[in-house]
Amino acid sequence: MVERTVQIGSSHGLHARPAKLFTQAAAESGAQVTIAKDGGSPVNAASILAVISQGIDHGDTVTLTVDGGDEDAVLERLVELLSTDHDG
Amino acid sequence: MELQGTGIGLGVALGPVVRMAEPLPEPVDRPSHLDPDREAERARGSLAVVAAELQGRGAKAGGSAQDVLEAQAMMAEDPTLMDDIVKRLADGKTAERAVFEAFASFREMLAGMGGYMAERAADLDDVSQRVIANLLKLPAPGVPNPGHPFVLVARDLAPADTATLDLDQVLGLVTIDGGPTSHTAILAREKSIVAVVGATGAGQLDSGDQVIVDAENDLVIVGPSPDQAAAAQERIAERKARAAAPVTPGALADGTPVPLLANLGSADGAAAAVELGAEGVGLFRTEFLFLDAQQAPTVREQQEQYTRLLNAFAGKKVVVRVLDAGADKPLSFLNDADEENPALGLRGIRALRESEAILREQLTALAAADAATDADLWVMAPMVANVEEARYFTALAKELGIRTAGVMIEVPSAALLADRLLAATDFASIGTNDLTQYTMAADRMLGTVATFQNPWHPAVLSLVASVGEAGRELGRPVGICGEAAADPMLAVVLVGLGATTLSMSPSALADVRASLARYTKDDAIAIARAALAAEGAAEAQQAAKDAAGSVTAGHDVSAPQS
């Protein structure tokens, strides 16, 4: 299992489109991915409802864990998605 | 009878109401006669059908509607939701009831979060209704099609509905719930549909009622008198004529030119902007070249993009803002320090100065693109706070071959010393969004203080006036680029305060052009003075409206100048 903490780059936080892109990528990765907001308990990153109900905003830090599959590549890709501003 | 709501845009519509079907009744909570596995199978089947249907609608709709519909499709197939449904089925509930309860619990959670997330609760309701309808083998709720033009009245429209609206049949939209950031509002704006949202009284409307949807005045008029109907028809015709009218250069009623320019974020929108009558570009944001990049693009790469843009505006003015990094758009290679208050940190010209090589490369690429094309290139620096920065940027730009260099005025200190600032550079452009944020000390990214972010505030207008006056005295152009210029009435005020050009999203050009043409220079000054004297933003807006009404009442209406 690999883990990384990252700051949310999207100016609208992890809602709507950025949440969709992230959840899609997590679901398609084939790995077990969790996301936890600063100090919160981890939730299934492939669940858009679980992700948006965390209320993750621009600038928040979240911790990702990836278990199974090509862990490092999956983590790399998801970290990049989270740190990019898709609403730019 | 009149119903209050929030108007989206400035349109008017008149026609008969068609009500959208009220939601399905809540599934009764009774024990299932099927075993939980069989019920789970039913639920899974319907969730998959609805997900596929939403996905399909998304592909058909395209654009931002597609993102929303795809997000809804993912909600239908959400693993956390399915876990919740299965748990409820284990208690012996029917699939209908378990689906209903599971969605309702997530809905409650989103609604409890307030603001933007609460608006998303409607997306979830829509998916829930579709799944339950599928389980009950009932037709899915959706937009009615009565076969004649109509005003659609609904509790709130889900993205799936707004995406499939037949615009030839829908005259206007009225929603009972839903705020100005709801999907109905966002899509109405994007597709220019006349809409009034959050009209709580609209629940009493019945199909067949005649209504006027007056977005400009935030009203729905029920059962209008013949006079009201005729006035609405006239406004509809006027607006149609305005959109179809040949685009003329922006000017006041007395012929004073006020060039109307476009705000662009890439060269792609250039052709569309020209078609809508943009007389040039008042703000070209260059961040797109740098975002997603680990390092700055090369001079050659930049030059290609700038050349493309300048070629689209041959013979016209194009104002380019050099890289504006920091705060809401951080770039790893420029500012990677973690700042407590990024809006007050190393951003704009401050960050560029720290990495002068990047600024030099950008100015070099711009000068080369200018030399190779026929557009009139102006270049400006963001977030200038004092005279020394204005002098620094202007000198550097000139050294690298830029002919016209100026500064953005977004910081109150720059506005207060505009006379000294403008003496040190060629022009100023006021960024009203940031100027409002800094004047009101209210973070524009923060929903809780969003009410402060209003450019009508007399404190903001007063700073604009200070820049306008300095521009007039020194003979320096003062542009406005920011959402404020897109508000037709505020645009008149800004011109009255001394703005010489206005720059906005191209879709706002027609309304602003028509608004400016109603007032003379003296009118605009009188209207601006009324707004400046008010005590708050709402009062300033009202004062401007009243002043505009009284100056136009004194005009000879039969002799509009063309």
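The values are calculated or read from the model by the stated rules, or taken from the named source; none is laboratory data. The structure displayed is predicted, hence computed values, not measured ones. We place every Cβ from the backbone using ideal geometry, glycine too, and count neighbours over all the protein chains shown.
If we scan segment B:397-404, do we find a residue that is under 29 Å from B:Ala459 (Cβ atoms), buried (at least 24 other Cβ atoms within 10 Å of the Cβ) and either in contact with a strand residue (DSSP E or B) (Cβ under 9 Å, 6 or more places away or on another chain) or modelled with pLDDT of 95 or more (or both)? Even if it seems obvious, please write down each step before you answer.
If we filter segment B:397-404 for residues that are under 29 Å from B:Ala459 (Cβ atoms), which is where we start, we get none.
Checked segment B:397-404: no residue is under 29 Å from B:Ala459 (Cβ atoms), buried (at least 24 other Cβ atoms within 10 Å of the Cβ) and either in contact with a strand residue (DSSP E or B) (Cβ under 9 Å, 6 or more places away or on another chain) or modelled with pLDDT of 95 or more (or both).
Out of the residues in segment A:1-28 meeting the condition of being under 12 Å from the mean Cα position of the chain (by Cα) and among the hydroxyl-bearing types (Ser, Thr, Tyr), tell me which one is farthest from B:Asp338 (Cα to Cα).
Looking at the filtered set, the residue picked out is A:Thr23.
Here are the criteria: (1) over 23 Å from B:Arg444 (Cα atoms); (2) modelled with pLDDT of 90 or more; (3) under 22 Å from the mean Cα position of the chain (by Cα). Tell me which single one B:Lys317 does not satisfy.
Just one mismatch for B:Lys317, condition (3).
Which residues, counting only those in segment B:350-393, are of a type in the set (S, T, N, Q) and surrounded by 21 or more Cβ atoms within 10 Å (Cβ to Cβ)?
Let us first name the residues in segment B:350-393 that are of a type in the set (S, T, N, Q), namely B:355, B:362, B:364, B:373, B:386.
Scanning segment B:350-393 gives a single hit, B:Gln362.
Residues that are facing chain A (nearest Cβ under 10 Å) and within 27 Å of the chain's Cα centre (by Cα): which helices (runs of 4 or more DSSP H) entirely in segment B:62-114 hold 1 or more of them?
The helices (runs of 4 or more DSSP H) meeting that bar are B:63-76, B:95-113.
Quick grid of which residues meet (1) in contact with a helix residue (DSSP H, G or I) (Cβ under 9 Å, 6 or more places away or on another chain); (2) more than 13 Å from chain B (Cβ to nearest Cβ); (3) under 18 Å from B:Leu110 (Cβ atoms):
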{"residue": "A:Ser29", "(1), (2), (3)": "yes, yes, no"}
{"residue": "A:Gly40", "(1), (2), (3)": "no, yes, yes"}
{"residue": "A:Val51", "(1), (2), (3)": "yes, no, yes"}
{"residue": "A:Gly59", "(1), (2), (3)": "yes, no, no"}
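Taking A:Gly13, is it within 8 Å of chain B (Cβ to nearest Cβ) and in contact with a His (Cβ under 9 Å, 6 or more places away or on another chain)?
no
Which one of these does B:Asp227 not meet: (1) loosely packed, with under 13 Cβ neighbours inside 10 Å; (2) without any contact (Cβ under 8 Å) to a residue 60 or more places away in the chain; (3) touching a strand residue (DSSP E or B) at 6+ places or on another chain (Cβ under 9 Å)?
(3)
If you scan segment B:280-304, which residues turn out to be within 15 Å of B:Val320 (Cβ to Cβ) and either part of a strand (DSSP E or B) or charged (D, E, K, R) (or both)?
Within segment B:280-304, B:Gly280, B:Val281, B:Gly282, B:Leu283, B:Phe284, B:Arg285, B:Glu287, B:Glu304 qualify.
B:Thr298 is checked against (1) within 14 Å of chain A (Cβ to nearest Cβ); (2) surrounded by fewer than 16 Cβ atoms within 10 Å (Cβ to Cβ); (3) polar (S, T, N, Q) and fails just one. What number does that condition carry?
Looking at each condition in turn, B:Thr298 falls short on (1).
Return the total of residues in segment A:38-51 being out of contact with any Lys or Arg (no Cβ under 7 Å at 6 or more places or on another chain) and within 19 Å of A:Ala27 (Cβ to Cβ).
Of the residues in that region, 9 qualify.
Quick grid of which residues meet (1) among the aliphatic types (A, V, I, L, M); (2) without any contact (Cβ under 8 Å) to a residue 12 or more places away in the chain; (3) in a helix (DSSP H, G or I); (4) within 14 Å of chain A (Cβ to nearest Cβ):
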residue: B:Val17; (1), (2), (3), (4): yes, no, no, no
residue: B:Asp29; (1), (2), (3), (4): no, no, no, no
residue: B:His33; (1), (2), (3), (4): no, yes, no, no
residue: B:Glu41; (1), (2), (3), (4): no, yes, yes, no
residue: B:Ala52; (1), (2), (3), (4): yes, no, yes, no
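Cβ contacts < 8 Å: first residue free of Cβ contacts under 8 Å to residues at least 24 places away in the same chain and assigned to a loop (DSSP other than H, G, I, E, B), restricted to segment B:337-363; second residue surrounded by 16 or more Cβ atoms within 10 Å (Cβ to Cβ) and of a type outside the set (A, V, I, L, M, F, W, C), any location; separation 6+ or different chain. Result?
B:Ala337/B:Gly345; B:Glu339/B:Gly345; B:Gly345/B:Gly326; B:Gly345/B:Asn335; B:Leu346/B:Gly326; B:Leu346/B:Asn335
Does B:Val319 count as outside any helix (DSSP H, G or I) and touching a helix residue (DSSP H, G or I) at 6+ places or on another chain (Cβ under 7 Å)?
The answer is no for B:Val319.
Determine whether B:Asn145 is polar (S, T, N, Q) and farther than 22 Å from B:Pro25 by Cβ.
Yes: the conditions hold for B:Asn145.
Looking only at segment B:115-147, filter to residues that are part of a loop (DSSP other than H, G, I, E, B) and more than 18 Å from B:Leu165 (Cβ to Cβ); which one of those is modelled with the lowest pLDDT?
B:Leu138
Among B:Leu309, B:Leu331, B:Leu323, B:Leu359, which is the only one that is within 14 Å of chain A (Cβ to nearest Cβ), modelled with pLDDT of 90 or more and on the phi < 0 side of the Ramachandran plot?
On the way: B:Leu309 fails: within 14 Å of chain A (Cβ to nearest Cβ); B:Leu331 fails: modelled with pLDDT of 90 or more; B:Leu359 fails: within 14 Å of chain A (Cβ to nearest Cβ).
So the residue among B:Leu309, B:Leu331, B:Leu323, B:Leu359 that is within 14 Å of chain A (Cβ to nearest Cβ), modelled with pLDDT of 90 or more and on the phi < 0 side of the Ramachandran plot is B:Leu323.
Can you pull out every residue in segment A:61-88 that is among the polar types (S, T, N, Q), more than 13 Å from every other protein chain (Cβ to nearest Cβ) and closer than 23 Å to B:Glu339 by Cα?
Looking only at segment A:61-88, we keep the residues that are among the polar types (S, T, N, Q), and these are A:61, A:63, A:65, A:83-84.
From what is left, the residues that are more than 13 Å from every other protein chain (Cβ to nearest Cβ) are A:63, A:65.
The answer is A:Thr63, and nothing else.
For B:Ala244, all conditions in the list (1) touching a Pro at 6+ places or on another chain (Cβ under 8 Å); (2) at pLDDT below 85 hold save one; what is the number of the exception?
(1)
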